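Undergrad: Once you've had a glance at the structure underneath, I'll fire off some questions.
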Amino acid sequence: MVSAKKKPIGIFDSGIGGLTVFKEIKEILPSEDLYYLGDTARVPYGTKSPEVIRRYAEGNIRFLVGQGAKVVVVACNTASATALDHVRAVFPDIPIIGVVEPVVKYLSSRSDTENIGVIGTTTTIGSGVYQSALESLGKTIRAKACPLFVPLVEEGIVVHPLVDQVIDYYLADFREVAIDTLVLGCTHYPLLRPALEAYFRNKVFIIDSAVPTAVALRDLLTRSGLSNDVSGKGEERFFVTDAAESFRRIGGRFLGRPLSTVEHI
Ligand code: DGL
């Protein structure tokens with residue numbers, strides 16, 4: 001029987017966005033086996049209701065657990081905002097972490113972030129999770145749903161005048177009130193980071209889910225004695241529910257290396 005430590009880490013998102021979290025996990029936990037699931041048949045999640053997302057998240061985790069996952073990372077803000085309690089109750093034996101708590105925890109440790117803009121999908125912003133958590137830290141919060149960002153990223157359109165126009169359409173008032181921090185409350189949005197930095201003239205601190213979540217995962221593995229203590233490079237597998245070829249192409253471009261095979265499930 002494979003010892004629990006040697007089992008893979010399961011990671012999922014609606015599409016390629018969670019690769020931003022995958023990349024950071026790979027960076028700080030190189031010897032762990034990482035199994036990534038992109039639910040590309042049902043992307044986007046961000047315009048769907050919490051009930052539907054809970055069902056999708058449960059199915060994704062059931063698949064990853066079936067592949068042997070020892071822990072699961074919900075690399076999706078929409079699912080983290082709406083489904084975390086539900087999936088923790090359904091899978092009480094599997095440690096599950098989301099992306100919202102680690103970002104909030106990180107911001108609670110910084111006193112130079114006072115005037116914060118939060119962007120995310122319609123469902124994440126509608127859930128109010130970031131707003132209430134950050135307001136309780138005494139921060140000033142402005143929140144905005146940016147539903148056109150995800151399809152742009154899924155199409156691989158990340159540097160283009162069209163992107164600049166959409167950013168301006170959503171975020172002109174953030175620039176006007178001079179936010180000091182921008183929370184990318186969707187794991188797809190870091191792919192738009194260069195365009196967002198240019199839009200805010202490099203004057204705004206931009207934080208996304210990747211580093212805080214990877215650090216939280218490392219802490220969780222250490223705490224629960226589940227770290228894979230072998231040296232060497234971990235295995236990686238990518239699963240999608242549709243459109244494997246476009247995931248391989250755009251995901252590979254984003255990770256800066258060809259993806260090993262992408263398995264259609
Ligand atoms: N990347 C996901 C998130 O962080 C989901 C985006 C979507 O599918 O709408 O919210």
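Undergrad: If I filter segment 40-69 down to residues being of a type in the set (Val, Ile, Thr) and away from the ligand (no atom under 13 Å from the Cβ), which single residue comes out as nearest to Leu226 (Cα to Cα)? Before you say what the answer is, go through the steps one by one.
TA: Within segment 40-69, the subset of a type in the set (Val, Ile, Thr) is 40, 43, 47, 52-53, 61, 65.
With the extra rule that they be away from the ligand (no atom under 13 Å from the Cβ), the set shrinks to 61, 65.
Numbers: Ile61: 18, Val65: 15 Å.
If we take residues in segment 40-69 being of a type in the set (Val, Ile, Thr) and away from the ligand (no atom under 13 Å from the Cβ), then Val65 is nearest to Leu226 (Cα to Cα).
Undergrad: Given (1) touching a His at 6+ places or on another chain (Cβ under 9 Å); (2) away from the ligand (no atom under 16 Å from the Cβ), where does Phe91 come up short, assuming only one miss?
TA: Result: Phe91 fails condition (1) only.
Undergrad: If the Cβ limit is 8 Å and pairs must be 6+ apart or interchain, which residue in segment 1-22 that is in contact (Cβ under 8 Å) with a residue 40 or more places away in the chain and assigned to a helix (DSSP H, G or I) pairs with which residue that is more than 12 Å from the ligand (Cβ to nearest atom) and polar (S, T, N, Q)?
TA: Pairs found: Lys5/Ser227; Lys5/Asn228; Lys6/Asn228.
Undergrad: Checking Val100 against (1) away from the ligand (no atom under 15 Å from the Cβ); (2) aliphatic (A, V, I, L, M); (3) under 25 Å from Ile167 (Cβ atoms), which single condition isn't satisfied?
TA: (1)
Undergrad: Which of the residues that make up segment 121-150 are surrounded by 23 or more Cβ atoms within 10 Å (Cβ to Cβ) and within 11 Å of the ligand (Cβ to nearest atom)?
TA: Thr121, Thr123, Thr124, Ile125, Cys146, Phe149, Val150
Undergrad: Filter segment 183-195 down to residues that are of a type in the set (A, V, I, L, M, F, W, C) and within 15 Å of the ligand (Cβ to nearest atom) and give me whichever is surrounded by the fewest Cβ atoms within 10 Å (Cβ to Cβ). Quick ask: steps written out before the conclusion?
TA: Of all residues in segment 183-195, those of a type in the set (A, V, I, L, M, F, W, C) come to 183-184, 186, 191-192, 195.
Okay, now just the ones that are also within 15 Å of the ligand (Cβ to nearest atom), so 183-184, 186, 191-192.
Details: Val183: 28, Leu184: 26, Cys186: 32, Leu191: 26, Leu192: 24.
Once the filter is applied, the top-ranked residue is Leu192.
Undergrad: Additional query: Quick one: which strands (runs of 3 or more DSSP E) lie wholly within segment 192-265 and hold at least 1 residues that are under 23 Å from Val100 (Cα atoms) and out of contact with any Asp or Glu (no Cβ under 9 Å at 6 or more places or on another chain)? Full working, then the answer.
TA: Working: elements: 205-207, 236-240, 262-264.
Because the criterion is at least 1 residues that are under 23 Å from Val100 (Cα atoms) and out of contact with any Asp or Glu (no Cβ under 9 Å at 6 or more places or on another chain), the strands (runs of 3 or more DSSP E) in segment 192-265 that meet it are 205-207.
Undergrad: Right, Val72: within 16 Å of the ligand (Cβ to nearest atom), β-branched (Val, Ile, Thr), at pLDDT 95 or above and outside any loop (DSSP other than H, G, I, E, B) or not? I'd like the intermediate steps shown before the answer.
TA: Numbers: within 16 Å of the ligand (Cβ to nearest atom): yes; β-branched (Val, Ile, Thr): yes; at pLDDT 95 or above: yes; outside any loop (DSSP other than H, G, I, E, B): yes.
Yes: the conditions hold for Val72.
The values are calculated or read from the model by the stated rules, or taken from the named source; none is laboratory data. Since the structure is predicted, the reported quantities are computational estimates derived from the model, not experimental observations. FYI the Cβ positions are ideal-geometry reconstructions off the backbone, even for glycines, and counts take in every protein chain you see.
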